[in-house]
1. Quick check on the chain: of the DSSP beta bridges with both residues there, what percent are antiparallel, nearest 5%?
2. First obtain the Kirkwood hydrodynamic radius of the chain from its Cα pairs, then insert it into the Stokes-Einstein equation at 37 °C and 0.692 mPa s, and state the resulting D in µm² per second as a whole number.
3. If I stretch the segment between Asp109 and Met215 completely, what's the gain in nm (0.36 nm per residue apart, minus their alpha carbon distance), one decimal?
4. Suppose we take every Cα in the stretch 11-113 and form the convex hull; what volume per residue is that in Å³?
5. Students often get this wrong, so check it: of Lys74/Lys176; Lys180/Lys238; Lys204/Lys238; Lys176/Lys209; Lys176/Lys238, which have C-alpha atoms separated by over 26 Å?
6. For Phe237, Phe135, what's the largest-to-smallest order of accessible area, 1.4 Å probe?
7. As an exercise, use a Förster radius of 25 Å and the Cβ-Cβ distance of Asp47 and Cys179 to find the FRET efficiency, rounded to the nearest 0.05.
8. Could you tell me the distance between the Cα centroids of the stretch 17-41 and the stretch 188-240, to the nearest Å?
Amino acid sequence: LRSALSRVQGKHPALRALIREERDGLYYEDDRAPEIPLRVVSRVSEDDYRRECQNELYTVFAYDQPQLRLVWLKSEGESDLLLTTSHRICDGMSIFILVKEVLRSLHSDEELVPYETPTLRDMIGGHQPAKPWAFKLKLSLMNVILGLLPSSRRTPENKEHHLEWKSDAALLAALKRRCKAEGVSVHAALAVTLERSLFAVLGKDKSPKWIDNPMDIRRGHFPALKNDTVFFAGGSFKLRIAAEQDV
């Protein structure tokens with residue numbers, strides 16, 4: 001497992017970078033990170049898995065550590081690997097790339113070829129806002145306003161709801177056929193399902209107003225981003241939840 005993590009980290013620049021805090025913001029430092037943290041804990045029951053999920057959820061990523069860590073819940077009969085990554089490198093597809101490569105490296109000596117860190121210029125070229133001075137002025141004003149806001153004396157409460165959705169091949173095939181017949185995407189069907197589930201469980205007053213949808217910007221939009229590239233940040237779009245639902 002250590003060898004697999006080392007090879008995956010050696011491939012992806014985002015896993016070898018540290019975050020440096022300066023007075024004017026945060027900066028990335030390439031090729032400075034230590035090895036990916038790995039904890040090994042005993043797995044006695046399903047409660048151990050749930051406990052470690054909660055523990056990882058509330059543990060912040062230190063600036064002097066990689067933005068990925070792993071917990072091995074170990075037992076004689078069955079084990080779990082729990083990978084946790086910072087939002088800085090998780091765009092919705094990056095975590096699947098990392099999980100796939102870690103699992104593959106456990107059973108193969110396949111070489112993982114490193115690549116250069118994708119830059120902003122790689123993705124948008126020489127694009128400039130229509131009025132660069134206005135864009136910079138807007139950002140400066142926003143920073144000034146945010147700097148004037150008093151900090152909260154209360155620590156924000158992190159309310160997370162964890163739910164696993166599982167589907168077998170037959171159900172997935174049926175869903176695809178139905179979506180094709182209705183002329184909608186699978187993503188649209190799942191988004192509506194999530195919307196109605198949130199409304200049913202949390203009610204009108206406590207349901208979120210928006211659903212954030214990570215998207216994979218690798219698909220033909222930016223040649224510098226290959227299908228197996230992990231990069232900082234990512235893209236997303238928001239869907240507004242309906243004010244009323246028939247549930």
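The values are calculated or read from the model by the stated rules, or taken from the named source; none is laboratory data. Remember, predicted model here, so these are calculated numbers, not experimental data. With ideal geometry, Cβ positions are generated from the backbone for all residues, glycine too; neighbour counts draw on all protein chains shown. These area figures cover heavy atoms from the full protein model, side chains too; ligands, DNA and RNA do not enter into them. Shrake-Rupley method; radii C 1.70, N 1.55, O 1.52, S 1.80 Å.
1. Values: 17 of 22 bridges.
Once the DSSP bridges in the chain are tallied, antiparallel ones form about 75 percent.
2. Numbers: Rh = 21.7 Å.
This corresponds to a translational diffusion coefficient of 152 µm²/s.
3. On the way: separation 106, 0.36 × 106 = 38.16 nm, distance 3.11 nm.
So the chain would gain 35.0 nm between Asp109 and Met215.
4. Working: hull volume 12.2 nm³, N = 103.
Measuring per residue, one finds 119 Å³ for the Cα hull of the stretch 11-113.
5. Lys74/Lys176; Lys176/Lys209
6. Values: Phe237 80, Phe135 105 Å².
Sorted descending by solvent-accessible area, the residues read Phe135, Phe237.
7. Numbers: r = 37 Å, r/R0 = 1.47.
Here the calculated transfer efficiency is 0.10.
8. Their Cα centres are 26 Å away from one another.
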